[in-house]
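Down below is the structure, laid out as structure tokens.
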Amino acid sequence: MMNIVKLFFGEHSLSKVAASYDSESAAMSAARAVECLPHMHSRQVQLVHPQDKDWGRKVEPEGAGIWRTAVRSHVTCATLGFAAGILVFAGLMLGGVEAVRSTPGMSLVAMVLFGTMFGLMVGGLLTIRPDHEAVIAPVREGVKAGRWAVVVHPASRQQFAAVLRVLRGTEAPVATTL
């Protein structure tokens with residue numbers, strides 16, 4: 001499973017968890033509690049303060065990973081789309097569809113192009129990661145409203161579950177990408 005995910009994504013952490021606090025002390029206490037979790041590194045935990053000018057980098061710290069995701073997802077999805085176009089063409093040819101049988105070259109080119117373009121669009125969707133908006137929006141609004149946020153980038157499902165337990169235990173509003 002993990003090898004398949006690496007075909008599409010180049011980031012170390014594919015999920016995010018954020019909790020919002022009214023005070024610095026509550027946010028720092030939550031951050032320390034998360035940092036104490038097994039196998040958690042301090043660089044995975046970011047503290048965002050009110051009026052933080054660098055909050056975006058704290059929420060999305062993997063700039064190079066995002067570029068790797070862009071390349072990997074586009075190449076992988078385009079390749080899959082190309083292959084799907086060939087398979088659809090072969091299926092229609094074997095199925096005896098007259099429109100395909102009468103113009104096989106043009107049909108093959110059209111199906112391969114459409115398959116590849118659809119694959120590239122899916123690669124673009126994976127790159128922009130619309131699921132991240134569920135964490136980005138509350139942090140952005142919190143910063144503007146003078147709140148503190150703890151943003152965590154878990155590296156595994158086990159870390160994700162542990163971080164979620166800790167932050168939900170603080171009774172702060174929690175947002176996640178998964």
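Among Ala83, Ala145, Ala99, which is closer than 30 Å to His49 by Cβ and out of contact with any Phe, Trp or Tyr (no Cβ under 6 Å at 6 or more places or on another chain)?
On the way: Ala83 fails: closer than 30 Å to His49 by Cβ; Ala99 fails: closer than 30 Å to His49 by Cβ.
Ala145 is the lone residue from the list that is closer than 30 Å to His49 by Cβ and out of contact with any Phe, Trp or Tyr (no Cβ under 6 Å at 6 or more places or on another chain).
Take the residues in the range 5-31 that are at pLDDT 90 or above and outside any helix (DSSP H, G or I); name whichever of them is surrounded by the fewest Cβ atoms within 10 Å (Cβ to Cβ). Lay out the reasoning, then the answer.
Let us first name the residues in the range 5-31 that are at pLDDT 90 or above, namely 17-31.
This time we only want the ones that are outside any helix (DSSP H, G or I), so: 17-23.
Working: Val17: 25, Ala18: 26, Ala19: 29, Ser20: 23, Tyr21: 23, Asp22: 13, Ser23: 10.
Across the range 5-31, the extreme among qualifying residues is Ser23.
Quick one: which residue in Val75, Val166, Val122 is of a type in the set (A, V, I, L, M), surrounded by 13 or more Cβ atoms within 10 Å (Cβ to Cβ), within 30 Å of Ser20 (Cα to Cα) and touching a helix residue (DSSP H, G or I) at 6+ places or on another chain (Cβ under 9 Å)?
On the way: Val75 fails: within 30 Å of Ser20 (Cα to Cα); Val122 fails: within 30 Å of Ser20 (Cα to Cα).
Within the list Val75, Val166, Val122, the selection yields Val166.
Of the residues Val151, Val163, Val143, Val135, which single one is farther than 12 Å from Ser15 by Cβ, of a type outside the set (Gly, Ala, Ser) and either in a helix (DSSP H, G or I) or in the same structural domain as Ala27 (by TED's automatic domain parsing) (or both)? Even if it seems obvious, please write down each step before you answer.
Numbers: Val151 fails: farther than 12 Å from Ser15 by Cβ; Val163 fails: farther than 12 Å from Ser15 by Cβ; Val135 fails: farther than 12 Å from Ser15 by Cβ.
Just one listed residue meets the conditions, Val143.
Determine whether Arg57 is in the same structural domain as Lys144 (by TED's automatic domain parsing) and modelled with pLDDT of 80 or more. I'd like the intermediate steps shown before the answer.
On the way: in the same structural domain as Lys144 (by TED's automatic domain parsing): yes; modelled with pLDDT of 80 or more: yes.
Yes.
Working only within the range 87-142, note down all residues that are under 30 Å from Gly56 (Cβ atoms), of a type in the set (Asp, Glu) and more than 18 Å from the chain's Cα centre (by Cα).
Pass one, the range 87-142, residues under 30 Å from Gly56 (Cβ atoms): 119-142.
Then drop every residue that is not of a type in the set (Asp, Glu), which leaves 131, 133, 141.
Within the range 87-142, just Glu141 meets the criteria.
Going through the range 73-95 one residue at a time, which ones are touching a residue at least 60 places away in the same chain (Cβ under 8 Å) and either assigned to a loop (DSSP other than H, G, I, E, B) or over 22 Å from Ile136 (Cβ atoms) (or both)? I'd like the intermediate steps shown before the answer.
The first filter runs over the range 73-95 and keeps only residues touching a residue at least 60 places away in the same chain (Cβ under 8 Å), leaving 73, 76-77.
Thr76, Cys77, listed by residue number.
The values are calculated or read from the model by the stated rules, or taken from the named source; none is laboratory data. Small disclaimer: the values here were computed from a predicted structure and weren't measured. Glycine gets a Cβ as well: all are built from the backbone with ideal geometry, and neighbour counts include every protein chain shown.
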